1. Summing -39500 (n - 2.57) over the DSSP H runs of n ≥ 4 in the chain and dividing by its residue number, what mean residue ellipticity at 222 nm do you reach, to the nearest 500 deg cm²/dmol?
2. Set the bar at 20 Å for Cα to Cα. Now go through Lys337/Lys371; Lys458/Lys491; Lys245/Lys371 and name every pair that lies beyond it.
3. Between Glu372 and Leu525, what FRET efficiency comes out of the Förster formula 1/(1 + (r/R0)^6) with R0 = 45 Å and r the beta carbon distance, rounded to 0.05?
4. Let's test the formula: R0 of 25 Å, r as the Cβ-Cβ distance of Leu432 and Glu455. What FRET efficiency results, to the nearest 0.05?
5. Let a ≥ b ≥ c be the square roots of the eigenvalues of the Cα gyration tensor of region 13-113; is it rounded (a/c under 1.5), or, if not, prolate (a/b larger than b/c) or oblate?
6. List the residues whose amide H sits under 5 Å from the amide H of Ala131, counting only those 5 or more places along or on another chain, with H placed 1.01 Å from N in the peptide plane.
7. Is the shape of region 279-344 rounded, prolate or oblate, going by the alpha carbon gyration tensor and its root eigenvalues a ≥ b ≥ c, with a/c under 1.5 for rounded and a/b larger than b/c for prolate?
8. For the chain, what is the accessible area per residue in Å², given a 1.4 Å probe and the full set of protein chains?
Amino acid sequence: MNFAQVLDDIQEGIIIVDQKAKIVVFNQIAAELMDVSVEQSIGQPVEDVVPNTRLPIILKTGREELNRKQKLKRTAIITNRKPLFDERGNIVGAYALFRDITQIKEMSRQLNHLRELIHLLESILYSTEDAISVVDEKGLGVYINPAYTRITGLTEKDVIGKPATVDITEGESIHMKVLKSQKPIKGKLLKVGPNGKRVIVDVAPLFIKGQLKGSVGVIHDTVEIKKLSNELEQAKQMIRNLEAKYTFEDIIGEHSSIKKAIERAKVAAKTPATVLLRGESGTGKELFAHAIHNVSNRKNNPFIRVNCAAFQESLLNSELFGYVEGAFTGAKKGGKKGFFEEANGGTIFLDEIGEISLNTQAKILRVLQEKEIIPVGGNRPIHVDVRIIAATNVDLEKAVEEKKFRKDLYYRLNVFPIYIPELKERKEDIPLLCKHLIRKYNQEYGRSVNNISQEAIKILMKYHWPGNVRELENAIGRAMINMKIGEKIIKPKHLPILEVNLNLLNEDRNSFSIDHQGKTLREFLEEMEKAYIQQLLRKNKGNKTKTAKDLNISIRSLYYKLEKHQLE
């Protein structure tokens, strides 16, 4: 090996002296900086060749000197000086490594320029409306920009270091195809993120010095895609009663009470039995109905959802059972199919069934017993094969006692009851639910929120949640709306004010005082409900719409409770 050639190829000046401070090594870079020749320098005292040299001092002190500036005839250098020791620890020489300061300044200038370019690139990637994701040669995520989080609902924690398939809801990973083929792919339609966002994807391979180092993907949220998405949502709205959107995976919770409800629902799904979902408003009864249908043997057939409290009785009858031509003024020519007939072969979900009239109850009982309907204005029965899932937050047993609900229908519906717990019964699930809702609203609101602080979680855990999961959804949604662009963590200041309304309940202690002696739990709770509604009505000056909103119930449910408690 040519040692001299190696020394000359090094881009720093090198001088090595022996114990007598005579030069034994002097490379070409050193010669150029000192303006002398290598041949003339070897063997000479270093003080004669290098002005102001401190190598003799290093020989005496045995101490190194790092990053010292030294002036020469034509320039200045930055030098590192160190002693050389033998195996016994004796100083046998010293050496200096140095570089022209003008080179260092140029390198610093180039480095600063590179940093500016990187900052500019990061700013571009940060502000672009197109989502960008980068994976390495193994297909593991290494970078995403905020637009990616806004579009997909996935954060860095969900993606970085994870396989490229992690964001795919429907379709193949284009990153993996590009890494395999080493060729770009453009214009692929995919569904990404937890909510299945429809996007067009372009992916290209990344080569560095001819070697494949990964791939970069751009997800375009174009006007055409937005228009298509809007049209699709409108179509879903029109046929929302014909499909079940949710599965058991969409029911979030690890508490034993919700897991027990899920297990019972899975058992029910495997049978043709009528299911009655019991629980307060906002607990997720509709999610359970969707999920039961989606794992039943009717999953490929229609799923019809009907909110019984949303229709007047006359309209509800015509919607449920259909009508014949000429049945009433304004009836369509040729008549109209009802929900039961449209659900033939599938499932019908009757939400808030406790709110329907006795007349309509009798007709539903006929469907359960005879499996047939008679359209409004008709006289010929129509056979239907429909599985009924009903839901209510009404005390049906009390309604039966008060003859507001048919006993025979109650027993027909209550074949397989499933109780869905209130959120206050499973507060341990609040952190899980928050994480799920953040993903959901990231996509809906176009935000890039990463998490919720422990302080905010503590506040949520202390609240009693009368509106259940629906109220929690509202709270997280409002919190994310309250956040400024760029804020990543939901903090207590972002949360809406969660009032327990204790002050309201104590405004008039006399009117709210309830004697609990000799009362059953049901009777005591009924009186509590009555007194609370009275207080809210008084506070809202009799405004029933505002009172129903404060109670987080429908106006129809409020009228039912007013009648029940004789508060009219």
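The values are calculated or read from the model by the stated rules, or taken from the named source; none is laboratory data. Note that the structure is a prediction, hence the values are computed from the model and not measured. Cβ: placed from backbone, ideal geometry, glycine included. Neighbour counts: every protein chain shown. These area figures cover heavy atoms from the full protein model, side chains too; ligands, DNA and RNA do not enter into them. Shrake-Rupley method; radii C 1.70, N 1.55, O 1.52, S 1.80 Å.
1. Taken over the chain, the calculation gives -12000 deg cm²/dmol.
2. Result: Lys245/Lys371 exceed 20 Å.
3. 0.70
4. Calculated transfer efficiency: 0.90.
5. Oblate shape, in that a/c is at least 1.5 and b/c is the bigger or equal ratio.
6. Ile219, Asp221
7. Numbers: a/c = 4.92, a/b = 1.66, b/c = 2.97.
Oblate, since a/c reaches 1.5 and b/c is not below a/b.
8. Values: 31960 Å² over 568 residues.
Each residue of the chain exposes 56 Å² on average to a 1.4 Å probe.
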